[in-house]
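The values are calculated or read from the model by the stated rules, or taken from the named source; none is laboratory data. Owing to the predicted nature of the structure, the values given are computational and were not obtained by experimental measurement. Heads up, the Cβs are rebuilt from the backbone with ideal geometry, glycines too, and the neighbour counts pull from every protein chain shown.
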Amino acid sequence: MLMSRFYYKCRDIGFDCSWEINAPTSKDVWAKVRIHNRYAHNEFEIPPEIEEKITKAIQEK
Ligand SMILES: [Zn+2]
């Protein structure tokens, strides 16, 4: 049984933004981050360097 959750805070990668998310899998976190970045930060495609930062910022707890 999977008990952990994955957490991500937008400000952890340097955005001045209070948005945060948690989900049962990192894949779910990513899906929501992509939508958020598109609408809140005008990032239709996440650049590789930002993708790397997001990957490091996602915490499993
Ligand atoms: Zn944000």
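Just to be sure before I move on: is Glu60 of a type in the set (Asp, Glu), surrounded by fewer than 15 Cβ atoms within 10 Å (Cβ to Cβ), closer than 19 Å to Ser4 by Cα and more than 12 Å from the ligand (Cβ to nearest atom) in the structure I sent? Steps first, please.
Values: of a type in the set (Asp, Glu): yes; surrounded by fewer than 15 Cβ atoms within 10 Å (Cβ to Cβ): yes; closer than 19 Å to Ser4 by Cα: yes; more than 12 Å from the ligand (Cβ to nearest atom): yes.
Answer is yes for this residue.
Within region 33-46, take every residue that is touching a residue at least 24 places away in the same chain (Cβ under 8 Å) and within 12 Å of the chain's Cα centre (by Cα) and give me the one that is nearest to the ligand (Cβ to nearest atom).
So the residue we want is His36.
Can you tell me which residue within region 10-25, out of those that are of a type in the set (Gly, Ala, Ser) and surrounded by fewer than 17 Cβ atoms within 10 Å (Cβ to Cβ), is farthest from the ligand (Cβ to nearest atom)?
If we take residues in region 10-25 being of a type in the set (Gly, Ala, Ser) and surrounded by fewer than 17 Cβ atoms within 10 Å (Cβ to Cβ), then Gly14 is farthest from the ligand (Cβ to nearest atom).
Filter region 14-57 down to the residues that are in a helix (DSSP H, G or I) and among the acidic types (Asp, Glu), then identify the one that is nearest to Met3 (Cα to Cα).
First, the residues of region 14-57 that are in a helix (DSSP H, G or I): 26-41, 48-57.
Then keep just the ones that are among the acidic types (Asp, Glu); that gives 28, 49, 51-52.
On the way: Asp28: 15, Glu49: 30, Glu51: 25, Glu52: 25 Å.
Among those residues, the one meeting the criterion is Asp28.
Could you identify the single residue in Arg34, Arg38, Arg11 that is in contact with a Cys (Cβ under 9 Å, 6 or more places away or on another chain), at pLDDT 95 or above and of a type outside the set (S, T, N, Q)? Spell out the reasoning first.
Values: Arg34 fails: in contact with a Cys (Cβ under 9 Å, 6 or more places away or on another chain); Arg38 fails: in contact with a Cys (Cβ under 9 Å, 6 or more places away or on another chain).
The conditions single out Arg11.
Of everything in region 23-43, what is in contact with a Leu (Cβ under 9 Å, 6 or more places away or on another chain) and either within 14 Å of Ile13 (Cα to Cα) or among the hydrophobic types (A, V, I, L, M, F, W, C) (or both)? Give them in sequence order. Let's see the steps before the verdict.
Within region 23-43, the first condition is being in contact with a Leu (Cβ under 9 Å, 6 or more places away or on another chain), and the residues that meet it are 24-25.
Scanning region 23-43 gives no hits.
Can you spot a residue in region 37-51 that is surrounded by 16 or more Cβ atoms within 10 Å (Cβ to Cβ) and either of a type in the set (Phe, Trp, Tyr) or in contact with a strand residue (DSSP E or B) (Cβ under 8 Å, 6 or more places away or on another chain) (or both)?
Within region 37-51, none of the residues are surrounded by 16 or more Cβ atoms within 10 Å (Cβ to Cβ) and either of a type in the set (Phe, Trp, Tyr) or in contact with a strand residue (DSSP E or B) (Cβ under 8 Å, 6 or more places away or on another chain) (or both).
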